[in-house]
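Here the structure comes first, spelled out in structure tokens, and everything after it is commentary.
The values are calculated or read from the model by the stated rules, or taken from the named source; none is laboratory data. Everything numeric here is computed off the predicted structure, so don't read it as measured data. So basically every Cβ, Gly included, is an ideal-geometry build from the backbone, and we count neighbours across all protein chains shown.
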Amino acid sequence: MYKIVYSWFLLLLFLLTGLLVRAQDTATGKPVEMADRLRADGKIYVVIVVLVTIFLGIVAYVIRLDRKISRLEKDGK
């Protein structure tokens, strides 16, 4: 039950975060020039690749850490 509630909470959190990020464009009333420039130069893809790489590295680290902790808990019992 706890995992289901936690999963729904995370899903809701991510969805609301997406809405907040989209709201930043309309806060000043003008578009973000830096993003347009990066998109025009084709460098936005480099930024996306770097962010995805960092995110995947963090996810892999957390999964590996969870497995080690689970193994230690199992050996301790």
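Overview of values
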quantity: Residues of region 42-61 satisfying the condition of being over 12 Å from the mean Cα position of the chain (by Cα) and surrounded by 10 or more Cβ atoms within 10 Å (Cβ to Cβ); calculated: Lys43, Ile44, Tyr45, Val46, Val47, Val49, Val50, Ala60, Tyr61
quantity: Boolean, Leu65 is surrounded by 10 or more Cβ atoms within 10 Å (Cβ to Cβ), modelled with pLDDT of 70 or more and in contact with a helix residue (DSSP H, G or I) (Cβ under 7 Å, 6 or more places away or on another chain); calculated: no
